[in-house]
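Below is one structure, written out as structure tokens; comments come after it.
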Amino acid sequence: RFTSMSDDDLIGAFNREVGNPGWTGSRSDYLAALHSAFEQRGFDYSSVGSKTELSLNKKVALIGKTIVIEK
């Protein structure tokens, strides 16, 4: 799903989900694919998650291969 996206587009996809309270099965699948894309690209996303979860509380930016919370 995210393989053809640039890194910036992938971060934008994450940021569009921040603050969205809705939950459906398809959103769950979408977020799982996003999580997998972070893994596949070798991003350090420890500021917003772990191997089992992602936090959608704050928008992020990518610096090198590290995802950081925007200020």
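The values are calculated or read from the model by the stated rules, or taken from the named source; none is laboratory data. Not measured: the values here are computed from a predicted model. For the accessible areas, the whole protein counts, side chains as well, though only heavy atoms, and no ligand, DNA or RNA atoms are used. Shrake-Rupley method; radii C 1.70, N 1.55, O 1.52, S 1.80 Å.
Points worth noting:
- Per residue convex hull volume, Cα atoms of the chain, in Å³: 82 Å³
- Sequence-ordered 3J(HN,Hα) estimates for the stretch 16-22 from the Karplus curve with 6.51, -1.76 and 1.60 and θ = phi - 60° stand at 5, 8, 4, x, 7, x, x Hz, glycine and proline given as x.
- Heavy-atom accessible surface of the stretch 1-52, averaged per residue, reaches 59 Å², computed with a 1.4 Å probe.
- Our summary gives the chain a relative contact order of 35 percent, counting only alpha carbon pairs under 8 angstrom and 6 or more residues apart.
- Straight-line reach from LYS51: taking Cα to Cα under 20 Å and skipping same-chain neighbours fewer than 8 places apart, the lysines in range are LYS59, LYS65.
- Accessible-area composition of the chain, carbon plus sulfur, in percent [1.4 Å probe]: 50 percent
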